[in-house]
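Participant: Submitted below is the structure of interest, expressed as structure tokens.
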Amino acid sequence: MARIELEGIEELIDRVNKIGAKGETIKRKTLDRAGEIVKVTMEKKAPRSQHVKRHMADNIQISDIKKSNGVDFVNIGPNKGDNSEFFYSKFTEWGTSRISAQHWAEKSLLENKKEINNVILEELKRGLEE
């Protein structure tokens, strides 16, 4: 799973964390907006079968906010524990012993790194000014 480290906004994140319920609303809005940027790119890059009517590209999911080591994040796209109808998306992303990894989800995230950082910075500032 690809991760993006945010640079230069630790102070803003700290201020958002200290304002309680309003801070949670700001974080949710920020992560939703940043996640949507990646989701749109993943939908374009995801492999599509010519034989299937429903495609994983049309079913990219953004998770609810999660927290790990005090850091809030969302998961977008395939995950290794997926058992849904679109479980095969993890095989196209990470590969198998017979299928080469395509890394379409990771590429989508990395391709948008700068825009994601800008959106997060903008949303955090806007939320603190309201």
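Participant: Looking at Glu43, Glu93, Glu36, which one is more than 21 Å from Glu130 (Cβ to Cβ) and open to solvent by 30 Å² or more (accessible area, probe 1.4 Å)?
Facilitator: Within the list Glu43, Glu93, Glu36, the selection yields Glu43.
Participant: Can I ask one more? Name the residue, out of Gly95, Gly81, that is at positive phi and of a type outside the set (Phe, Trp, Tyr).
Facilitator: Testing whether each residue is at positive phi and of a type outside the set (Phe, Trp, Tyr) leaves just Gly95.
Participant: Being of a type in the set (S, T, N, Q) and open to solvent by less than 60 Å² (accessible area, probe 1.4 Å) is the filter; apply it to the range 61-90 and report the residue that is modelled with the lowest pLDDT.
Facilitator: Looking at the filtered set, the residue picked out is Ser84.
Participant: Hey, can you tell me all the residues within the range 96-107 that are exposed (fewer than 15 other Cβ atoms within 10 Å of the Cβ) and either touching a Leu at 6+ places or on another chain (Cβ under 9 Å) or not small (Gly, Ala, Ser) (or both)?
Facilitator: Selection gives Thr96, Arg98, Ile99.
Participant: Still on this structure, please answer the following. Given Lys27, Lys53, which one is part of a helix (DSSP H, G or I) and either out of contact with any Phe, Trp or Tyr (no Cβ under 8 Å at 6 or more places or on another chain) or at positive phi (or both)? I'd like the intermediate steps shown before the answer.
Facilitator: Numbers: Lys53 fails: part of a helix (DSSP H, G or I).
Unique residue meeting the criteria: Lys27.
Participant: Condition first: out of contact with any strand residue (DSSP E or B) (no Cβ under 6 Å at 6 or more places or on another chain), of a type in the set (A, V, I, L, M, F, W, C) and open to solvent by 70 Å² or more (accessible area, probe 1.4 Å). Can you find one or more residues in the range 13-23 that meet it?
Facilitator: Yes, there is a match, as at least one residue in the range 13-23 is out of contact with any strand residue (DSSP E or B) (no Cβ under 6 Å at 6 or more places or on another chain), of a type in the set (A, V, I, L, M, F, W, C) and open to solvent by 70 Å² or more (accessible area, probe 1.4 Å).
The values are calculated or read from the model by the stated rules, or taken from the named source; none is laboratory data. Note that this is a predicted model, so its numbers are computed, not measured. In this analysis, Cβ positions are derived from the backbone assuming ideal geometry, glycine residues included, and neighbour counts consider all displayed protein chains. Quick note on the areas: whole protein, heavy atoms, side chains included, nothing else; ligands and nucleic acids left out. Shrake-Rupley method; radii C 1.70, N 1.55, O 1.52, S 1.80 Å.
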